[in-house]
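Have a look at the structure below before the remarks.
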Amino acid sequence: MGTAPDWNTGEGLIRLDDPAEVDAAFERGERHLGTAVIGLAFNCSLEEASPRILRAMRLPDIAQRGFAFTAAGVAARLNGALTPQLYDALRAEGLTGGVAEDAIRDTLTFVPFRELPWWFRGCRVWLGVRDRGEGWLLRMKDAVGDSARHAAAAWRRRSSRQSRQ
């Protein structure tokens, strides 16, 4: 690394490539640990980054926990797989709009279907059905809104013609 990372501002942490430095930061109770594990996900092997990502997922600060889940999504994107412990952590957090939703969606997108654990396979099917239903609902809302606007415009034109007569 060129310059030392600044743990107070978080600057340079995305370039971290030393798991031991992140371990020491955990021991010191540094801020911006979520950003640091994103850096590890980018710059280290999955086996090196995974324990630190898991540890960051248990941080009390919700924002830093969110970054830890982002790091899991990055790991899925770059490696096309996750460790069993990361799969378990994502499953435990769940898909109900929490901090893990984007990481779970990244996992479903970048990990081949046949390599996913069973819960993730079911989740992928369920999300596909849900997304398709949402798409249909949005198209139907657009069509109803367009129809209502056209009907209102036609009614105004008719009313204005009648008032001129």
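The values are calculated or read from the model by the stated rules, or taken from the named source; none is laboratory data. All figures in this text were calculated on a predicted structure; none of them were measured in a lab. Cβ coordinates were reconstructed from backbone atoms using ideal geometry, including for glycine residues, and neighbour counts include every protein chain displayed. The area values use the complete protein model at the heavy-atom level, side chains included, leaving out ligands, DNA and RNA. Shrake-Rupley method; radii C 1.70, N 1.55, O 1.52, S 1.80 Å.
So for segment 49-134, what percent of the C-alpha to C-alpha distances run longer than 22 Å?
Result: 20 percent of Cα pairs exceed 22 Å.
Quick one: dipole size for the chain, taken about the Cα centre, charges +1 on Lys/Arg Cβ and -1 on Asp/Glu Cβ, in debye to the nearest 20.
Working: 23 positive and 21 negative charges, 397 e Å.
For the chain, the charge dipole is close to 1900 debye.
At q = 0.13, 0.20, 0.23, 0.27 Å⁻¹, what log₁₀ I(q)/I(0) does a Debye calculation on the Cα points of segment 1-68 give, no solvent, two decimals?
Once normalised to I(0) and log-transformed, intensities are -0.28, -0.68, -0.92, -1.29.
Mean separation of Cα pairs under 8 Å and 6+ residues apart, divided by the residue count of the chain: what relative contact order is that in percent?
Reported relative contact order: 14 percent.
Using DSSP H assignments, which helices in the chain have an axial alpha-carbon span of 30 Å or above and a mean Kyte-Doolittle hydropathy of -1.0 or higher?
On the way: long enough: 118-164 (69 Å, -0.89).
Sorted by number, the helices that extend far enough and score high enough are 118-164.
If the elastic network links every pair of Cα atoms under 10 Å, which of V74, V125, V22 fluctuates the most in the Gaussian network model of the chain?
Per the Cα network of the chain with a 10 Å cutoff, V125 tops the list.
Taking only Cα atoms and a 10 Å spring cutoff, compute GNM fluctuations for the chain and point out the largest among E134, E93, E101.
Fluctuation is largest for E134.
Taking the highest mean first, how do the peptides 3-11, 75-83, 153-161 order by number of other beta carbon atoms within 10 angstrom per residue?
Averaged packing, sorted descending, gives the order 75-83, 3-11, 153-161.
Give the average over all directions of the projected area of the C-alpha convex hull of segment 93-139, one decimal, in nm².
On the way: hull surface 14.2 nm².
The orientation-averaged projected area of the Cα hull of segment 93-139 comes to 3.5 nm².
Calculated from DSSP H runs of 4 or more alone, at -39500 (n - 2.57) each and per residue, what is the 222 nm mean residue ellipticity of the chain, nearest 500?
The per-residue figure over the chain is -23500 deg cm²/dmol.
Per residue, how many Å² of accessible area does the chain show with a 1.4 Å probe?
For the chain, the per-residue accessible area is 61 Å².
Would you mind calculating the gained length between D23 and W119 on full extension (0.36 nm times residue separation, minus the Cα-Cα distance), in nm to one decimal? Walk me through the numbers on the way to the answer.
Numbers: separation 96, 0.36 × 96 = 34.56 nm, distance 3.09 nm.
Separation in residues times 0.36 nm, less the Cα-Cα distance, equals 31.5 nm.
Calculate what fraction, in whole %, of the accessible area of the chain sits on carbon and sulfur atoms when a 1.4 Å probe is rolled over the protein chains. Please list the in-between numbers first.
Details: 5470 of 10070 Å².
Accessible surface attributable to carbon and sulfur in the chain totals 54 percent.
Using Cα springs under 10 Å in a Gaussian network model of the chain, which residue among A25, A152, A100 shows the largest mean-square fluctuation?
Checking each option, the largest mean-square fluctuation is seen for A152.
Tell me which label goes with the value of mean projected area of the Cα convex hull in nm² computed from the coordinates here: [x] 14.7; [y] 12.0; [z] 10.3.
The value computed from this structure is option [x].
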